[in-house]
Structure formats: structure tokens, C-alpha cells
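Here the structure comes first, spelled out in C-alpha cells, and everything after it is commentary.
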Amino acid sequence: MEKHILCNGDSKTHGRCTNLSEEIVTATEADLPRILEIYDIAKAYMRANGNPNQWNGAYPDPETLRTDIEKQRLYVYKKAGSIHGVFMLLLEEEPTYAYIEDGSWREETPYGTIHRLAGDGEVRGLFAKCVAFCESKVKYLRADTHFDNHTMQHLLEKNGFERRGIIYLKNGDPRIAYQK
């Protein structure tokens, strides 16, 4: 299992972490019940905040998450041993990014794609922590989000991502594309 210890601001002393209560690790099958709970919390938040059409039904579904766990590309954020966040980091080309409309990608060099990032609302700065982890893996990052997901748009832009255009999911649904 891959493990990444997080140090924030003054939690570093002489180059070492003094607060080891935060970490990002690859998800395991045992994490799946909590991961599904976090996605349910995120879905409820989206519905309550003007985003009723994203992540409908069972998506993200257990089968997709199990595939990501097997491929070791699903990660969980833990604080004091409890899971508070989840995301997928794809370190290969994202097929739906091959065509971009009303814009272009800034870099075509190898990139990582952040998908399905969600938290339980208990940890401030979760998005930035996950982005920092991803940046430790790959220089260029991409992401996309639903037009109604104003919270994610704000977080992406606040964390240095730029709108690059519109991409389309496999089912034809449009998404706002971002790159950092």
C-alpha cells in the first residue's frame, strides 16, 4: 500500500513531520463501506447546493471503485486513522480528453487526471491536500466538472486550475475541463 504523510505549515520541524495524523494512502477493499458513505454525503451536498444532476443513482458504483482499488488508483485521505476523503488519480491518458471544444489544453505532455474527489465535510483544505499529493506524482494535472457543480469549480480555480474548454463524457454529457 502506498502511503504519503502530509505535513502542513508549522507541522514540519527540521524537515520532519511532527504531526503524523494525516495521510493519503491507496484505498483497499476494506475501505469501501466508508468510501460509499462519503460519496453519499457528497451527493446530498450537491443536491442541496444546486447540482441535482451529477452522480445520480449508484454512481460512483462499487464495481467502478473496486476496479480503481485493484488498479491502485483510488486514494483515501485519513486523519487520525479515520477516512474523510476519497479521489481517483488516473496516471494515463483520459480518453474523454482527446477532444476539447471551445478551448485547448495548455500542455500535451504526460498528465494526471483527478476524478471523483469527495469529502465528508469534516476536514478543511481537503481539496488542496489531495491536489498536493497528486502534484507529487505528476507535474501536470487535469480535471473536469459538471456545469452545476459551482463548489468544485471554485475549488479548482482557487487551487490554480484554469478553465480550458468543454469535454464530453462517454455518454455525451458535457463537462468543464480544467488544467493546472
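The values are calculated or read from the model by the stated rules, or taken from the named source; none is laboratory data. Remember, it's a predicted structure, so these values are computed and weren't measured experimentally. FYI the Cβ positions are ideal-geometry reconstructions off the backbone, even for glycines, and counts take in every protein chain you see.
Run down 113, 96 and say which single residue is among the polar types (S, T, N, Q), in a strand (DSSP E or B), touching a residue at least 24 places away in the same chain (Cβ under 8 Å) and surrounded by 13 or more Cβ atoms within 10 Å (Cβ to Cβ). Spell out the reasoning first.
Values: 96 fails: in a strand (DSSP E or B).
When all the criteria are applied, what remains is 113.
Tell me which of these residue 32 doesn't satisfy, since it passes every other one: (1) surrounded by 15 or more Cβ atoms within 10 Å (Cβ to Cβ); (2) modelled with pLDDT under 90; (3) of a type outside the set (D, E, K, R); (4) not in a strand (DSSP E or B).
Looking at each condition in turn, residue 32 falls short on (2).
All but one of (1) in contact with a helix residue (DSSP H, G or I) (Cβ under 9 Å, 6 or more places away or on another chain); (2) over 17 Å from residue 142 (Cβ atoms); (3) in a strand (DSSP E or B) hold for residue 23, so report the exception by its number.
It fails just one condition, (1).
Which numbered condition trips up residue 125, out of (1) within 20 Å of residue 173 (Cα to Cα); (2) out of contact with any helix residue (DSSP H, G or I) (no Cβ under 7 Å at 6 or more places or on another chain)?
Of everything listed in (1) within 20 Å of residue 173 (Cα to Cα); (2) out of contact with any helix residue (DSSP H, G or I) (no Cβ under 7 Å at 6 or more places or on another chain), residue 125 misses just condition (1).
Test each condition in (1) buried (at least 18 other Cβ atoms within 10 Å of the Cβ); (2) more than 17 Å from the chain's Cα centre (by Cα) for residue 103 and report the one that comes out false.
(1)
Could you list all residues from the range 125-165 that are over 12 Å from the mean Cα position of the chain (by Cα), within 26 Å of residue 48 (Cβ to Cβ) and β-branched (Val, Ile, Thr)?
151
Please determine whether any residue of the range 154-167 is farther than 23 Å from residue 99 by Cβ, free of Cβ contacts under 8 Å to residues at least 40 places away in the same chain, in a helix (DSSP H, G or I) and basic (Lys, Arg).
Yes: the range 154-167 contains one or more residues that are farther than 23 Å from residue 99 by Cβ, free of Cβ contacts under 8 Å to residues at least 40 places away in the same chain, in a helix (DSSP H, G or I) and basic (Lys, Arg).
Kindly indicate the residue of the range 116-137 that is within 19 Å of residue 72 (Cα to Cα) and without any contact (Cβ under 8 Å) to a residue 60 or more places away in the chain and also surrounded by the fewest Cβ atoms within 10 Å (Cβ to Cβ) among those meeting that condition.
Per the stated criteria, the residue is 137.
Only one of 138, 123, 131 is part of a helix (DSSP H, G or I) and over 22 Å from residue 59 (Cα atoms); which? Walk me through it before giving the result.
On the way: 138 fails: part of a helix (DSSP H, G or I); 123 fails: part of a helix (DSSP H, G or I).
Only one candidate passes the filter, namely 131.
Among the numbered criteria (1) surrounded by 15 or more Cβ atoms within 10 Å (Cβ to Cβ); (2) not in a loop (DSSP other than H, G, I, E, B), which single criterion is violated by residue 63?
Condition (1) is where residue 63 drops out.
Answer yes if at least one residue in the range 75-85 is of a type outside the set (A, V, I, L, M, F, W, C) and assigned to a loop (DSSP other than H, G, I, E, B), and no otherwise.
Quick first cut of the range 75-85, residues of a type outside the set (A, V, I, L, M, F, W, C) only: 75, 77-79, 81-82, 84-85.
Add one more test, that the residue is assigned to a loop (DSSP other than H, G, I, E, B), and what stays is 81.
Checked the range 75-85: at least one residue is of a type outside the set (A, V, I, L, M, F, W, C) and assigned to a loop (DSSP other than H, G, I, E, B).
Scanning for something over 27 Å from residue 61 (Cα atoms) and of a type in the set (Val, Ile, Thr), does the range 143-150 turn up at least one residue?
no
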